[in-house]
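Here the structure is laid out as structure tokens; the discussion comes afterwards.
The values are calculated or read from the model by the stated rules, or taken from the named source; none is laboratory data. Just so we're clear, the structure is a prediction, and the values are computed from it rather than from any experiment. With ideal geometry, Cβ positions are generated from the backbone for all residues, glycine too; neighbour counts draw on all protein chains shown. Accessible surface is based on the protein model in full, side chains and every heavy atom, while ligands, DNA and RNA are left aside. Shrake-Rupley method; radii C 1.70, N 1.55, O 1.52, S 1.80 Å.
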Amino acid sequence: MSTDTKSAEKAKLAHECWSCGAMRAAHFCESCGRVQPPVPTDYFSFFGLPRKLNIDPKQLEREFYAMSRKLHPDLFVRAVDQEQSWSLEKSSQLNDAYRTLKDPVTRTEYLLKLEGVNLEEQSKTATETARAAGTQKKQMVPPDLLEEVFELNMQLEEARMNKKMGEDDPSLKTELADTRRRLDGKFNALAAELQRDWDEWDAVIARAESGEIVDTERTAVRDKMVDLVNRRSYIRNLVRDLNEVLGN
Amino acid sequence: MAYSDKVLDHYTNPRNVGSLDKASAEVGTGLVGAPECGDVMKLQIKVNPETKIIEDAKFKTFGCGSAIASSSLATEWVKGKTVDEALEIKNTDIVKELSLPPVKIHCSVLAEDAIRAAIGDWKKKQQDEA
């Protein structure tokens, strides 16, 4: 079979209902309503959404419930085997997709992964490059944040030690409580920053959709979000540790 | 996840924990972090100005057992080496020595980064002096 016929076959499989032969919508045949076989897809496409970050949560929830009802495996107990297992597989895909897109941060992290961001892999490659070139690797986290994280961890260690020994250091506790307030503020400010990045990202995607070449801008906004997500996870962990030491 | 015996050994009995005088011209300090897991690692070296041999090394790491073991091992390895020899240490050497599983490779990367950052800081001090 030539490549042409192969891809034509594939296109046919992807768009034609397996049961009645009519063209189908993404998950069900528009004509006969049968469940269609699962195809490898990202979570945005699963919901028929463009790869944009501003998503109406109410709309997403409605879509989720509507699709859950239609795909529920209980509806397919009397269906042919393949449709039964497809509905099961798609239901679980649907749950994963919804869980991931529902939360603003997991949605952002997921998009970054789709856009080829792999922090561990990139960190390793950057180290190897620095080693080969004899240069300094640029750390992914700003140095002053690292310094702050380190110092705070030292204080937390001291506070834990005090607790263990039954000793009390009110001034340290006061200082940690102040730090917690400051970090809470920083953490909350990140939500507004993330929203600005989202708007920027969506504008870039809109331009890409209209045929513009926006590769540079796309990478720039992407990397801005990587930086934000990194800072966020440090601050989140610090607040978590502070809560553990200070009590809520 | 089960840690290897060598990781456990370094974790329960870490070598060279502590700090050196950051302001000293003979001391280089590297502070690095892995945002995915929130680890921070500080590694310091004290270099003999004549021989360029690393005479002392200290570390302090906040992170998982593998991160602590990797930095502990790194301080052991750099001690007695010249600065140039220490730059030869690869993260994969640490992975092998500690039998780190794939999910913990980033800990070894962090340790190599810390060595290089400390040496970089020391080198910068030498240039500033000159």
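Please go through (1) out of contact with any strand residue (DSSP E or B) (no Cβ under 7 Å at 6 or more places or on another chain); (2) within 12 Å of chain A (Cβ to nearest Cβ); (3) open to solvent by 10 Å² or more (accessible area, probe 1.4 Å) for B:K6 and return the number of the only condition it doesn't satisfy.
(2)
Is there a residue being away from chain B (no Cβ under 12 Å), in a loop (DSSP other than H, G, I, E, B) and touching a residue at least 12 places away in the same chain (Cβ under 8 Å) anywhere in segment A:93-107?
Let us first name the residues in segment A:93-107 that are away from chain B (no Cβ under 12 Å), namely A:93-107.
From what's left, in a loop (DSSP other than H, G, I, E, B): A:103.
Among the residues that remain, those that are also touching a residue at least 12 places away in the same chain (Cβ under 8 Å) are: none.
The answer is no, given that none of the residues of segment A:93-107 is away from chain B (no Cβ under 12 Å), in a loop (DSSP other than H, G, I, E, B) and touching a residue at least 12 places away in the same chain (Cβ under 8 Å).
Would you pick out the residues in segment B:12-41 that are closer than 29 Å to A:R232 by Cβ, touching a helix residue (DSSP H, G or I) at 6+ places or on another chain (Cβ under 6 Å) and surrounded by fewer than 17 Cβ atoms within 10 Å (Cβ to Cβ)? Quick ask: steps written out before the conclusion?
Step one: filter segment B:12-41 for residues closer than 29 Å to A:R232 by Cβ, giving B:19, B:22, B:29-41.
Then keep just the ones that are touching a helix residue (DSSP H, G or I) at 6+ places or on another chain (Cβ under 6 Å); that gives B:29-36, B:38-41.
Answer for segment B:12-41, where residues must be closer than 29 Å to A:R232 by Cβ, touching a helix residue (DSSP H, G or I) at 6+ places or on another chain (Cβ under 6 Å) and surrounded by fewer than 17 Cβ atoms within 10 Å (Cβ to Cβ): just B:E36.
Let me confirm something: among A:L194, A:L145, A:L176, A:L172, which residue is open to solvent by less than 40 Å² (accessible area, probe 1.4 Å), in a helix (DSSP H, G or I) and within 10 Å of chain B (Cβ to nearest Cβ)?
Numbers: A:L194 fails: within 10 Å of chain B (Cβ to nearest Cβ); A:L176 fails: within 10 Å of chain B (Cβ to nearest Cβ); A:L172 fails: within 10 Å of chain B (Cβ to nearest Cβ).
Selected residue: A:L145, the only one of A:L194, A:L145, A:L176, A:L172 that is open to solvent by less than 40 Å² (accessible area, probe 1.4 Å), in a helix (DSSP H, G or I) and within 10 Å of chain B (Cβ to nearest Cβ).
Could you check, for segment A:36-54, whether at least one of its residues is of a type in the set (F, W, Y), more than 30 Å from B:R116 (Cβ to Cβ) and open to solvent by 30 Å² or more (accessible area, probe 1.4 Å)? Walk me through it before giving the result.
Start the filter on segment A:36-54 by keeping residues that are of a type in the set (F, W, Y), which leaves A:43-44, A:46-47.
Cutting the leftovers down to more than 30 Å from B:R116 (Cβ to Cβ) gives us A:43-44, A:46-47.
Adding the requirement that they be open to solvent by 30 Å² or more (accessible area, probe 1.4 Å) leaves A:43.
Checked segment A:36-54: at least one residue is of a type in the set (F, W, Y), more than 30 Å from B:R116 (Cβ to Cβ) and open to solvent by 30 Å² or more (accessible area, probe 1.4 Å).
Across segment A:200-248, what is the total count of residues that are among the hydroxyl-bearing types (S, T, Y) and not in a helix (DSSP H, G or I)? Working first, answer last.
Applying the first criterion (among the hydroxyl-bearing types (S, T, Y)) to segment A:200-248 yields A:210, A:216, A:219, A:233-234.
From what's left, not in a helix (DSSP H, G or I): A:210.
The number of residues fulfilling the criteria is 1.
Return yes or no: is B:K46 within 14 Å of chain A (Cβ to nearest Cβ) and of a type in the set (K, R)?
On the way: within 14 Å of chain A (Cβ to nearest Cβ): no; of a type in the set (K, R): yes.
For B:K46, the condition - within 14 Å of chain A (Cβ to nearest Cβ) and of a type in the set (K, R) - is not met.
Can you find a residue in segment B:90-101 that is open to solvent by 40 Å² or more (accessible area, probe 1.4 Å), over 30 Å from A:R232 (Cα atoms) and of a type in the set (V, I, T)?
no
Please determine, by comparing only the residues of segment A:216-233 that are away from chain B (no Cβ under 14 Å) and touching a residue at least 24 places away in the same chain (Cβ under 8 Å), which one is surrounded by the most Cβ atoms within 10 Å (Cβ to Cβ). Spell out how you get there, then give the answer.
Of all residues in segment A:216-233, those away from chain B (no Cβ under 14 Å) come to A:216-222, A:224.
With touching a residue at least 24 places away in the same chain (Cβ under 8 Å) added as a condition, the list becomes A:218, A:221-222, A:224.
Numbers: A:R218: 16, A:V221: 22, A:R222: 18, A:K224: 16.
Out of the qualifying residues, it is A:V221.
Working only within segment A:66-78, note down all residues that are exposed (fewer than 11 other Cβ atoms within 10 Å of the Cβ) and under 18 Å from A:Q93 (Cα atoms). So that I can check it myself, show each step before the final result.
First pass over segment A:66-78, keeping only residues exposed (fewer than 11 other Cβ atoms within 10 Å of the Cβ): A:66, A:69, A:74, A:77-78.
Within segment A:66-78, A:A66, A:R69, A:D74 qualify.
Please indicate, with yes or no, whether at least one residue in segment B:65-77 is of a type outside the set (V, I, T), open to solvent by 10 Å² or more (accessible area, probe 1.4 Å) and within 13 Å of chain A (Cβ to nearest Cβ). Show your work before the answer.
Of the residues in segment B:65-77, the ones of a type outside the set (V, I, T) are B:65-67, B:69-74, B:76-77.
Restricting the remaining residues to those that are open to solvent by 10 Å² or more (accessible area, probe 1.4 Å) gives B:76-77.
Now restrict to residues that are within 13 Å of chain A (Cβ to nearest Cβ): none.
Checking segment B:65-77: not a single residue is of a type outside the set (V, I, T), open to solvent by 10 Å² or more (accessible area, probe 1.4 Å) and within 13 Å of chain A (Cβ to nearest Cβ).
Pick from A:R51, A:R69, A:R62, A:R78: which is modelled with pLDDT of 85 or more and more than 15 Å from A:K102 (Cα to Cα)?
Details: A:R51 fails: more than 15 Å from A:K102 (Cα to Cα); A:R62 fails: more than 15 Å from A:K102 (Cα to Cα); A:R78 fails: modelled with pLDDT of 85 or more.
After ruling out the rest, the residue left standing is A:R69.
For segment B:102-119, how many residues meet the condition of being open to solvent by 20 Å² or more (accessible area, probe 1.4 Å) and over 10 Å from the mean Cα position of the chain (by Cα)?
Going through segment B:102-119 one residue at a time, the tally reaches 5.
Please state which one of B:T51, B:T61, B:T82 is at pLDDT 95 or above and in contact with a Lys or Arg (Cβ under 6 Å, 6 or more places away or on another chain).
Numbers: B:T51 fails: in contact with a Lys or Arg (Cβ under 6 Å, 6 or more places away or on another chain); B:T61 fails: in contact with a Lys or Arg (Cβ under 6 Å, 6 or more places away or on another chain).
From the options B:T51, B:T61, B:T82, the qualifying one is B:T82.
On the given criteria, is A:A159 open to solvent by less than 70 Å² (accessible area, probe 1.4 Å), within 23 Å of A:V117 (Cα to Cα) and of a type in the set (G, A, S)? Please lay out each step first, then the result.
On the way: open to solvent by less than 70 Å² (accessible area, probe 1.4 Å): yes; within 23 Å of A:V117 (Cα to Cα): no; of a type in the set (G, A, S): yes.
No.
For every residue, the table says whether it meets (1) among the aliphatic types (A, V, I, L, M); (2) more than 10 Å from chain B (Cβ to nearest Cβ); (3) part of a helix (DSSP H, G or I).
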site: A:K113; (1), (2), (3): no, yes, yes
site: A:G116; (1), (2), (3): no, yes, no
site: A:S123; (1), (2), (3): no, no, yes
site: A:E128; (1), (2), (3): no, no, yes
site: A:R131; (1), (2), (3): no, no, yes
site: A:N153; (1), (2), (3): no, no, yes
site: A:E157; (1), (2), (3): no, no, yes
site: A:D168; (1), (2), (3): no, yes, no
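Please tell me if A:K124 is exposed (fewer than 14 other Cβ atoms within 10 Å of the Cβ) and either under 26 Å from the mean Cα position of the chain (by Cα) or without any contact (Cβ under 8 Å) to a residue 24 or more places away in the chain (or both). Steps first, please.
On the way: exposed (fewer than 14 other Cβ atoms within 10 Å of the Cβ): no; either under 26 Å from the mean Cα position of the chain (by Cα) or without any contact (Cβ under 8 Å) to a residue 24 or more places away in the chain (or both): yes.
Taking the combined requirement at face value, the residue does not satisfy it.
If you check every pair at least six apart or on different chains, which have Cβ atoms under 6 Å apart with a residue in segment B:28-39 that is more than 7 Å from every other protein chain (Cβ to nearest Cβ) first and a residue that is part of a loop (DSSP other than H, G, I, E, B) second?
Going by the 6 Å Cβ cut-off, the qualifying pairs are B:T29/B:K22; B:D39/B:G63.
Given the conditions (1) modelled with pLDDT under 95; (2) more than 14 Å from chain B (Cβ to nearest Cβ); (3) within 23 Å of A:D241 (Cβ to Cβ); (4) open to solvent by 40 Å² or more (accessible area, probe 1.4 Å), and given that A:G211 satisfies all but one, which numbered condition is not satisfied?
(3)
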